Amino acid sequence: MRFYPTFFRIVFSGMDAERAHRIGFALIRAVEPTPVGWMLRRVCAPDPRLATTAFGVDFPSPFGLAAGFDKGGTGILALTDLGFGHVEIGTITGQAQPGNPAPRLFRLVEDRAVINRMGFNNDGAAAVAPRLRAARRRLARRYASRPLPVVGVNIGKTKKVDLVDAVADYLVSAEQLAPVADYLVVNVSSPNTPNLRLLQGVESLRPLLEAVRRTADAAAGRHVPLLVKIAPDLTDQDIDDVGALALDLGLDGIVATNTTITRENLVTDPADVIAKGVGGLSGAPLKARALEVLVRLRAAVGDRLAIVSVGGVETPEDVLERLDAGATLVQGYTAFLYEGPFWARRINRGLLRARRTPTV
């Protein structure tokens, strides 16, 4: 199953990164309704001993796929076949939008990293909601006798909507998507939508989260777990302030972290990095900072809410490190592009081996 890195090097490494993603994702979706998809569901299913619970939701595994891979909810069934305990789709905005001009996705292969300035390209909440509803019905039938994979929805601001109207824009997504989501994540931390990160300030964040929570619960007729996703570039004081706000509002959790705008400690030639332009950096270089933010957040909030740790996760050991440091759940994305379709299976098998190994 380690053939993929060689396949990637031969087939995808020289191809435009976004085109390679579209082709790879299309292949994953094409396999799902075939006998190969049936086989993958059995080979890759997380062992029941990996089941965990977060914010009242049962997860087949603590390891899931972060937002950004499936921006429109078109591959939920196929991705859950690969062993992810949850799939977070999005980011979804209130209105459909094409995102930023291409090229907008770039690999830093030597750093096992990616720079993206996608700009929340997606079909909009009204188009994604029925797609998600249909996928969930099929998941319920498919996993009738097994733990159901969890589907989260990440929502953000439409680019053309002014910042002063951001709350109303988020509410469009919340109303449409909360009824078909296991949990919602409010994304205020992407660097690729102008001024979005200004919403991370507690003065702006409080009314946004309060309004989204009210709207989501009313639309769904139940409590929909609500989390907020923050950037790794926040100061320590900002991290503490977000943690305090989350506790004060009674949020269910924090997703930490999004991509970074920094370009520190990279192996790739600096001229090549500069040539790729602005955007959020994800992947292995984010590992240390993501862990620092996790530790800081856990110290700030104690055990009173869930923390979903994201950033630089590649191996089972990385996932275990995050769980030991206080993460409730762990997500990955960039390593999926480099490791291929059996990545989640390897993570889950590594987690299971660690649980079997006695400590001394």
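The values are calculated or read from the model by the stated rules, or taken from the named source; none is laboratory data. Nothing here was measured: the structure is a model prediction, and the numbers come from that model. We place every Cβ from the backbone using ideal geometry, glycine too, and count neighbours over all the protein chains shown. These accessible areas exclude ligands, DNA and RNA; they are computed on the full protein's heavy atoms, side chains included. Shrake-Rupley method; radii C 1.70, N 1.55, O 1.52, S 1.80 Å.
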I need the full set of residues from region 51-67 which are open to solvent by less than 50 Å² (accessible area, probe 1.4 Å) and either over 19 Å from the mean Cα position of the chain (by Cα) or of a type in the set (Val, Ile, Thr) (or both), in order please. Thr52, Val57
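Okay, residues lined up against (1) under 21 Å from the mean Cα position of the chain (by Cα); (2) more than 24 Å from Phe120 (Cβ to Cβ); (3) free of Cβ contacts under 8 Å to residues at least 24 places away in the same chain; (4) in a loop (DSSP other than H, G, I, E, B):
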site	(1), (2), (3), (4)
Arg22	yes, no, yes, no
Ala30	no, yes, yes, no
Met39	no, yes, yes, no
Val43	no, yes, no, no
Pro46	yes, yes, no, yes
Arg49	no, yes, no, no
Phe69	yes, no, no, yes
Gly72	yes, no, no, yes
Considering region 23-50, residues that are loosely packed, with under 13 Cβ neighbours inside 10 Å and of a type in the set (Lys, Arg), and then whichever is modelled with the highest pLDDT, we arrive at Arg49
Please verify whether Thr215 is of a type outside the set (A, V, I, L, M, F, W, C), open to solvent by less than 30 Å² (accessible area, probe 1.4 Å), in contact with a helix residue (DSSP H, G or I) (Cβ under 8 Å, 6 or more places away or on another chain) and modelled with pLDDT of 95 or more, treating the condition exactly as stated. no
Being open to solvent by less than 60 Å² (accessible area, probe 1.4 Å) and over 18 Å from Val293 (Cα atoms) is the filter here; which residues of region 191-206 pass it? Asn192, Thr193, Leu196, Leu199, Ser204, Leu205
Of all helices (runs of 4 or more DSSP H) fully inside region 272-360, the set with 2 or more residues that are more than 21 Å from Val114 (Cβ to Cβ) and in contact (Cβ under 8 Å) with a residue 24 or more places away in the chain is 287-301, 316-324, 343-356
Listed residues Ala168, Ala174; which is in contact with a helix residue (DSSP H, G or I) (Cβ under 7 Å, 6 or more places away or on another chain) and of a type in the set (A, V, I, L, M)? Ala174
What do you reckon, is Arg112 more than 15 Å from the chain's Cα centre (by Cα) and at pLDDT below 95? no
One residue is enough: does region 264-283 have a residue meeting the conditions modelled with pLDDT of 95 or more, of a type in the set (A, V, I, L, M, F, W, C) and within 24 Å of Leu79 (Cβ to Cβ)? yes
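Can you confirm whether Lys229 is open to solvent by 50 Å² or more (accessible area, probe 1.4 Å) and either in contact (Cβ under 8 Å) with a residue 24 or more places away in the chain or not in a helix (DSSP H, G or I) (or both)?
no
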